[in-house]
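Below is one structure; the comments refer to it alone.
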Amino acid sequence: MAIRYESAGAKVVTSDIHCFSIADVAQRLGMSKRQIARMIATGELPSVKAGRRRLIQRIAVAAWLAGKAA
C-alpha cells in the first residue's frame, strides 16, 4: 500500500521515493530536524551527502525503526 503525502506542494507516493531529506524524516517520525541531525552525526542513522543535501535512505529509516521496536 502506497502512502501519499505532500512535499513542496506536490503529491508524492512514498513507494516511489528511495531517499528522504532530514526534514522529511523528522516529519514522518514526529521528531525535530535537530534530533535527526544528531542521530546522523552520532552514526545512529546512516546518511549520504548529495551535493549540499544530506539524504537518508528509506531502508535506513526502516532499519532504525525495526531496531527501536525490538
Grab the Cα-Cα distance for R34 and K68, subtract it from 0.36 nm times how many residues apart they are, and report the gain in nm with one decimal.
-> 10.3 nm
Whole-Hz Karplus ³J(HN,Hα) for region 31-40, in order, using 6.51 cos²θ - 1.76 cosθ + 1.60 and θ = phi - 60°, x for Gly and Pro?
-> 10, 7, 4, 5, 4, 5, 4, 5, 4, 5
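FYI, it's all coordinate maths here, none of it is from the lab. What you see is a predicted model, and the numbers here were worked out from it, not measured in a lab.
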